[in-house]
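Laboratory data are not the source of any read-out in this text; all were calculated from the coordinates shown. If you're wondering where the values come from, they're calculated on a predicted model, not measured in any experiment. A quick note on method: Cβ atoms are made from the backbone with ideal geometry, for glycine too, and the neighbour counts reach across all protein chains shown.
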Amino acid sequence: MKLRWLAFLILIGAFLTGCSSESSSDNSSGESAQELTYATTSDVVGLSPIDTNDSVSAAMIGQMYETLFTRNPETMEIEPLLAESYDNPDENTWEIKLKEDITFHDGTPFNAEAVKYTFEEFVNEERAAPRASLLEPIESIEAKDEYTVVIKTKEPYGALLAALSHTNASIVSPEADQNQDINQEPVGTGPFKFESWSQGKEVVLTRNEEYWKEAAQLEKVTMKVVPEYSTAVSMLETGEVQFIDAIPTQHLSRIESIDGIETLEKAGTPVYSVGFNFDKAPYNELEFRKAVSHAINREAYVGQLKGLGIKNESIIGPEVFGYNESAEDAGYSYDPEKAKQIIEENGYGNEEITLLTANREAYTRMAEVVQSQLSEVGLNVSIESMEWGTFLDTTPKGDFDMTFTSWSNSTADGSELLYPNLHSDNIDSSNWVRYNNSEFDDLVDASRSQVDQEARQKNLNEANLIAVKDAAWIPMHHGVVTAAFDESVKGLQMDPTGQWSLYNVHRE
């Protein structure tokens, strides 16, 4: 009888403990305290660092993969990650020592051959990596020994370490890449491993228990696709998600009013711009582009962002290497009467102009403002909106009149802003607007082909001023990187590029 009574008490105690644990959870979905759900309005395009080039994919790729170098989010200095150290025997040679005893998620070794394989695939023309320009200056890659890589460049390449810190330069498992589609089943060395991807719904990652550093505290990370940002905010409020980023202005005040939610804001490297198709008239005419620039009241637009944007006519922003204050007001400022005059003198009012935009709130807001203000000066403008993945497929082909661009600038280096986006080498790939200016190209090339940082700064400023005067892009605003998260989320860091890592995050 006593044994039965004791068993009954143990059963009751277990039941009460379970009830107590569930009722004290801060998460209404009942998930463990060391799980985190992140919401985004767009699905990933893919999960291979070689084969993608968008910020949504990069956010997940950055949790699973690692680069040889990384940028310290506090100092913005480049530091070794998978690399142990590096040396420059001469200005065209980079000898990189790798950390030892690291394995990929599939159990295969991380070594010099894996680095060589990754980078050779990255620049393989048949692979057509969308960010191949990052490593374009590389002439050869040699695995000198198991843990030493020797990279030789065609010319001195001052931005190489910045390029090697870019998410797209993450090292992949050669065996996985050769035997499966790593865009669907990624395999890296990072603190989280791929669990599943239900397209259009969610990506699930789990903790890498064999991580080469101490294992992450979060056991599971879920990225939920929530097409409407307002829905994501509601889910944050109810505890269904604990983390969102890239806060649109119209949702900021609501988020700030939610009890138990913290926000993070800091000046960032992203730039959001209006772009023109330089292969089509009248968009390839400077007078037309000047008229558009004069028609857009960017100061009023930035004012609507309520602190989540910075007005600056420079394409290179204040948080990016290569910025010079002389470019701040170097463009064509708001002057609607001047815009009307140019339009009338050149007969620009008769064309039907289509603004191509992605169906993301930041893009949609820009499109609506630009459409309204261009219409006010006599231009006939409509908006065509596309799903994010379709938009990314369409713009490199030049199938648009005018469009909207954004660049997070994950390296925070001006050459890795100007080269991929506006250099003629990258027409048909990342140079969506198809801008082609030989003087600009030469200056950007010079900024990449030397290691003297003062000289690089000068080259970048001069190239930037040319692009601003050409209205190659019309910057709408420079970004302020933002995040909102449940107060139980501790250790989250974001750097000015908008990148974040969940490795040091835990729940309390």
Would you be so kind as to identify all helices of the chain, as entire DSSP H runs, whose Cα atoms reach 18 Å or more along the helix's own axis and whose mean Kyte-Doolittle hydropathy is at least 0.5? 2-24
In terms of the alpha carbon gyration tensor, root eigenvalues a ≥ b ≥ c, rounded if a/c is under 1.5 and otherwise prolate when a/b exceeds b/c or oblate, segment 358-508 is oblate
Residue separation times 0.36 nm, minus the C-alpha to C-alpha distance between THR93 and ALA267: what's the value? 59.2 nm
Putting +1 on Lys and Arg Cβ atoms and -1 on Asp and Glu Cβ atoms, find which of ILE244, ILE171, SER230 reaches farthest to the positive end of the dipole of the chain. SER230
Over segment 55-179, calculate the relative contact order: mean separation of alpha carbon pairs under 8 Å at least 6 apart, over the residue count, as a percent. 32
Once you place label points 7 Å from the Cα toward the Cβ at SER438 and ASP259, how far apart are they in nm? 6.9
For THR41, other-chain or 5+-apart residues with amide H closer than 5 Å (H placed, Pro excluded) are VAL226
Estimated inter-spin distance, SER375 and GLU77, nm [label 7 Å along Cα→Cβ]: 5.3
Answer with a single label: of (1) 1.48; (2) 1.41; (3) 1.02, which was calculated as Rg/Rh (Cα atoms, Kirkwood Rh) from the structure in view? (3)
For segment 286-345 the translational diffusion coefficient, Stokes-Einstein from a Kirkwood Rh over Cα pairs at 37 °C and viscosity 0.692 mPa s, in µm²/s, is roughly 260
Per 0.36 nm of contour for each residue apart, how much would the distance between SER333 and GLU185 grow if the chain were fully extended, relative to their Cα-Cα spacing? 48.5 nm
In segment 368-433, which GluC sites (Glu not before Pro) fall in coil by DSSP and have 16 or fewer other Cβ atoms within 10 Å? GLU387
Pairs of Cα atoms under 8 Å, at least six residues apart: use those to get the relative contact order of the chain, whole percent. 20
If the viscosity is 1.306 mPa s and the temperature 10 °C, what translational diffusion coefficient in µm²/s does Stokes-Einstein give for segment 55-179 when Rh comes from Kirkwood over Cα pairs? 107
Globularity ratio of segment 268-479, using Cα Rg and 2.2 N^0.38 Å: 0.96
